[in-house]
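J.: Take a look at the following structure, please.
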């Protein structure tokens, strides 16, 4: 039985291996030294690195391990730079925070600051009395001005009526002075016949053919003469036309005189008339003016119902502006409450 001897290293081979190991160690430490000199953070981490130990022997809880690992990882990675907020954005944020703080303040404090002092009741009462006195003074002033204007209008109307009457009287006197008894005696039979034809008729026909009896009162005789002689702009007051108190409705007694006016207008188909309503000065002027206009319109409606064409009739309501008597007495106020009829001149139509 032969035994083979194990190979043994020669002394030269052992020395070579030791040289290689020693060179590797030197190279490793040289490289480590170079890394530590060129990366200080690595050196600090290496110095702070905990010694390896078993988890079982460690007394720290698992959360402490996570914190230590997070700390070590932050050391290896660079920390991010803080975000720079623009100044305009900072002002907006500050303003928003100020608004929120003001909104959170108690409502009672705000109300206390904004509450104005109340006016004492004595001063308020005095102010009201002063305003009432001022209004009363202004009202008295307006009434005085209105009365003065009414008086001026009345004087002008009286003067105009007196001038017209005087002119007509002078013309009548002149015509009578020029007429001689000889002219009257030598009047031709033809003239006498024509004058007899113009004798007022006692019966007249309405537009529908109905015959009515014409009264010989002053109103009918004057209206007949105005129509025959074409006398315009002379007011003629209805003396038998009445209305309900404070209303524009005609009563039953007024229909007779209205039919006479319709019959006379039917006889003179080219004549046009103006119906004007008047009131006294009792009450509001606007209400009186409206009432006078409504009464004039009621007269027009009554005439058109009898067959007179509406375009031949004009209406006006002047209220208390043109009185013919003072309003200080009941009689004067009664005279001022009237309805007038006036022929319209052809030039004014």
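Please treat every number below as a calculation from the coordinates, not as lab data. All of these numbers come straight from a predicted model, not from anything done at the bench. A quick note on method: Cβ atoms are made from the backbone with ideal geometry, for glycine too, and the neighbour counts reach across all protein chains shown.
J.: Could you put 25, 214 in order, starting from the residue whose Cβ has the fewest other Cβ atoms within 10 Å?
T.: 25, 214
J.: Multiply the residue gap between residue 91 and residue 217 by 0.36 nm, knock off their C-alpha separation, and tell me the result in nm, one decimal place. Write out the running numbers ahead of the final one.
T.: Working: separation 126, 0.36 × 126 = 45.36 nm, distance 10.09 nm.
Separation in residues times 0.36 nm, less the Cα-Cα distance, equals 35.3 nm.
J.: Note the full-extension length gain between residue 205 and residue 17 as 0.36 nm times their separation in residues minus their Cα-Cα distance, in nm to one decimal.
T.: Working: separation 188, 0.36 × 188 = 67.68 nm, distance 16.72 nm.
Stretched fully, the residue 205-residue 17 segment lengthens by 51.0 nm.
J.: Roughly how many nanometres apart are two label points built 7 Å out from the Cα toward the Cβ at residue 316 and residue 166?
T.: Placing both labels 7 Å beyond Cα along the Cβ direction yields 2.3 nm.
J.: While we're looking at this one, here's another question. List 282, 318, 273 from most exposed to least, where exposure is judged by having the fewest other Cβ atoms within 10 Å. Don't skip to the end; give the middle numbers.
T.: Values: 282 11, 318 16, 273 26.
Ascending number of Cβ neighbours within 10 Å: 282, 318, 273.
J.: Now a separate question. Can you run the Rg to Rh ratio on the range 202-348? Use alpha carbon positions and the Kirkwood inverse-distance Rh. Before the final figure, lay out the partial values.
T.: On the way: Rg = 15.1 Å, Rh = 15.6 Å.
Radius of gyration relative to Kirkwood radius: 0.96.
J.: May I pose another question? Treat each spin label as a single point 7 Å out from the Cα along the C-beta direction, and report the residue 344 to residue 129 distance in nm.
T.: 5.8
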